[in-house]
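Okay, structure first, notes after.
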Amino acid sequence: MRILVTGGAGFIGSALVRHLIEWTGHEVLNFDKLTYAGTLSTVERVAESDRYRFVQGDVCDAEAVRAAIAGFRPDVITHLAAESHVDRSIDGPGAFIQTNLVGTFVMLSEARVYWQSLEGAARNTFRFHHISTDEVYGSLGKTGLFTEATPYDPRSPYSASKAGSDHLVSAWGHTYGLPVLITNCSNNYGPYHFPEKLIPLMIVKALGGETLPVYGKGDQVRDWLYVEDHVSALVAVFERGAPGRTYNVGGNNEMQNIEVVHAVCAHLDRLRPRPDGKSYAAQIGYVADRPGHDMRYAIDASRIRDELGWEPQETFASGIAKTVEWYLANEDWWRPIVAERQADARRGLPG
Ligand code: NAD
């Protein structure tokens with residue numbers, strides 16, 4: 001198949017692109033604006049493949065999207081391009097409204113025109129797949145899980161923009177019959193994660209001898225999924241999922257943020273001990289919490305397991321070990337990003 005991936009230079013999109021080129025026979029068009037969060041170094045190792053193409057473009061630019069679709073004639077559009085960092089959405093929500101809402105509207109509009117021009121099998125098998133987050137469901141108490149029937153209750157500008165884009169996708173399915181799929185996934189981690197996000201940020205700060213800034217008491221709970229497990233879920237959904245259906249994707253790995261930070265420190269202690277023999281955990285410092293910080297997210301992923309046979313391959317223990325090892329072996333990738341893009345600056349402060 002020909003798969004158009006938006007946001008394919010980012011963390012999850014690039015993992016999808018690498019997987020499609022290295023492990024399948026599909027062709028890929030990577031359509032990415034290359035914002036602060038996008039780097040072509042994430043897809044360097046597949047860039048020479050004759051099944052891979054790249055177009056630098058903005059999902060808000062209808063003409064650019066139209067030209068990309070017309071030139072590539074995709075069987076599937078997987079839409080990942082987004083502003084993705086909650087702290088940045090607190091400081092500057094405008095970019096989130098543009099890319100996540102307006103950009104998704106543009107993608108849907110152009111996908112619809114293209115899909116309506118298709119005939120026969122091509123029209124029947126075309127899919128528009130929107131990659132979304134479990135954060136659209138809001139915050140849980142100590143118990144309970146998000147299912148696909150949980151009402152949307154987004155709390156941050158980021159999650160509100162993703163909730164709105166999910167609603168647009170769903171509306172294009174109901175109103176125009178566009179064959180849409182939505183996946184709502186929990187927190188991802190793994191290689192090429194932009195170093196402003198919790199796990200890579202802790203690795204970067206630890207190695208730099210800086211304070212490991214834990215928000216509030218560090219007792220917020222997230223479900224963690226290794227990025228390659230997310231990618232295998234996405235492939236299962238766009239290859240075999242039922243149009244109009246939503247699938248929750250999660251790793252069955254509920255952890256408090258402070259537990260995640262301790263796990264990172266333990267691996268660093270093992271792999272690159274501090275010269276003074278102390279644990280990196282000695283660098284942990286508690287800082288002002290994120291305003292409106294959701295307390296707990298947890299996913300019931302039984303639908304995708306029962307209907308599509310998908311299950312994660314990594315536990316948190318195995319995935320975090322691989323991740324810390326990857327960051328230690330790939331300083332060439334993240335050091336320039338931290339230096340040039342101020343990835344490790346504190347954002348989204350209260351007030
Ligand atoms: P990311 O920030 O690492 O990458 C986003 C990519 O989109 C970048 O390459 C960027 O250049 C590109 N982009 C941004 N604005 C664009 C625009 N206007 N036009 C074209 N390209 C643009 O994000 P990620 O973590 O890889 O997340 C990808 C998707 O998955 C997002 O839609 C996000 O909401 C969703 N998601 C992420 C997680 C997670 O834990 N990271 C979990 C669930 C869902």
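Annotations
- Theoretical FRET efficiency, 1/(1+(r/R0)^6), r = Cβ-Cβ of Gln116 and Glu307, R0 25 Å, to 0.05: 0.35
- Sorted on the mean count of surrounding Cβ atoms within 10 Å across their residues, most packed first, peptides 329-336, 24-31 read 24-31, 329-336.
- Cα-based Lys pair tally, the chain, threshold under 18 Å, eight or more apart or on separate chains: 6
- Under 11 Å from the His174 label point (7 Å along Cα→beta-carbon), backbone N, the range 122-159: none
- Seen against the Cα atoms of the chain and their longest principal axis, helix 257-271 is set at about 70 degrees.
- Area accessible to solvent at Ser132, 1.4 Å probe radius, in Å²: 10 Å²
- Rounded Å value of the spacing that divides the Cα centres of the range 1-28 and the range 238-265: 20 Å
- Hypothetical label at Ala329: residues of the range 221-244 whose amide nitrogen lies under 18 Å (7 Å Cα-Cβ projection): 226-229
- In terms of its alpha-carbon gyration tensor, the range 33-179 comes out oblate; a/c meets the 1.5 threshold, while b/c is at least as large as a/b.
- Summed side-chain charge close to Glu239 - residues other than Glu239 whose Cβ falls under 14 Å, Lys, Arg +1, Asp, Glu -1: +2
- Calculated accessible area for the chain comes out at 41 Å² per residue, all protein chains present (probe 1.4 Å; ligands, DNA, RNA ignored).
- Helix 11-23 and the longest principal axis of the Cα set of the chain meet at an angle near 60°.
- Spin-label model distance (nm) - Glu259 vs Asn124, 7 Å beyond Cα toward Cβ: 4.7 nm
- In terms of its Cα atoms, the chain spans 68, 45, 40 Å along the principal axes, sorted from long to short.
- Using all pairs of distinct alpha-carbon atoms, the Kirkwood hydrodynamic radius of the range 203-338 works out to 16.9 angstrom.
- Folded to 0 to 90 degrees: helix 157-176 orientation relative to the chain principal axis, Cα: 20 degrees
The values are calculated or read from the model by the stated rules, or taken from the named source; none is laboratory data. Computed from a prediction, not measured in an experiment: that's the story for all the values here. Note that we place each Cβ from the backbone using ideal geometry, even for glycine, and neighbour counts take in every protein chain shown. Keep in mind that these areas ignore ligands, DNA and RNA; they rest on the heavy atoms of the full protein, side chains included. Shrake-Rupley method; radii C 1.70, N 1.55, O 1.52, S 1.80 Å.
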